[in-house]
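Remarks on the structure that follows.
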Amino acid sequence: MLICDAGVLSESADILDYADAHAPPHARIYPGDPAATGEVRLLEREYDDRLGPHARRWMYHMLRRRSDLASRYGT
């Protein structure tokens with residue numbers, strides 16, 4: 001989740017679009033070539049669909065051991 005001047009962005013693709021639009025040219029996320037951008041977006045979706053749930057599960061598991069971090073993270 002990203003809270004920014006555009007509002008609250010909760011979808012990964014929206015967050016990456018926002019970051020790309022606000023990055024300096026040398027730090028853009030998406031390449032200028034449309035075909036390459038399509039490849040990046042395919043990877044983005046795969047990471048979000050396949051890696052994301054596992055990464056969040058691991059993070060939540062680790063936070064169970066750190067109530068100090070869990071309290072700050074969750075509020």
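The values are calculated or read from the model by the stated rules, or taken from the named source; none is laboratory data. Just so it is clear, the model here is predicted, and its values are computed rather than measured. Note: ideal-geometry Cβ built from the backbone for every residue, glycine included; neighbour counts use all protein chains shown. We work out accessible area using only protein heavy atoms, side chains counted, and drop any ligands, DNA or RNA first. Shrake-Rupley method; radii C 1.70, N 1.55, O 1.52, S 1.80 Å.
The table below lists the values:
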{"read-out": "Neighbours by Cβ (under 8 Å, 6+ apart or cross-chain): first from the range 51-63, open to solvent by less than 100 Å² (accessible area, probe 1.4 Å); second in a helix (DSSP H, G or I) and of a type outside the set (G, A, S)", "value": "L63/L69; L63/Y73"}
{"read-out": "Residue list for the range 8-58, filter: among the small types (G, A, S) and within 13 Å of the chain's Cα centre (by Cα)", "value": "S10, S12, A13, A19, G52, A55"}
{"read-out": "In the range 17-38, the residues that are more than 13 Å from A6 (Cβ to Cβ) and open to solvent by less than 70 Å² (accessible area, probe 1.4 Å)", "value": "A23, P24, A27, I29, Y30, P31, A35, A36, T37, G38"}
{"read-out": "Tabulated pairs, the range 4-27, first more than 15 Å from V40 (Cα to Cα), second among the aliphatic types (A, V, I, L, M) and surrounded by 12 or more Cβ atoms within 10 Å (Cβ to Cβ), C-beta under 7 angstrom, 6+ apart or interchain", "value": "L9/L2; L9/I15; Y18/L2; Y18/A6; Y18/L9; A23/I29"}
{"read-out": "Extreme residue, surrounded by the most Cβ atoms within 10 Å (Cβ to Cβ), among residues of the range 64-75 that are more than 17 Å from S10 (Cα to Cα) and small (G, A, S)", "value": "A70"}
{"read-out": "Selection status of E46, open to solvent by 80 Å² or more (accessible area, probe 1.4 Å), at pLDDT 95 or above and either out of contact with any helix residue (DSSP H, G or I) (no Cβ under 9 Å at 6 or more places or on another chain) or not in a helix (DSSP H, G or I) (or both)", "value": "no"}
{"read-out": "Every residue from the range 3-16 that is open to solvent by 50 Å² or more (accessible area, probe 1.4 Å) and either part of a strand (DSSP E or B) or not aliphatic (A, V, I, L, M) (or both)", "value": "I3, D5, V8, S10, E11, D14"}
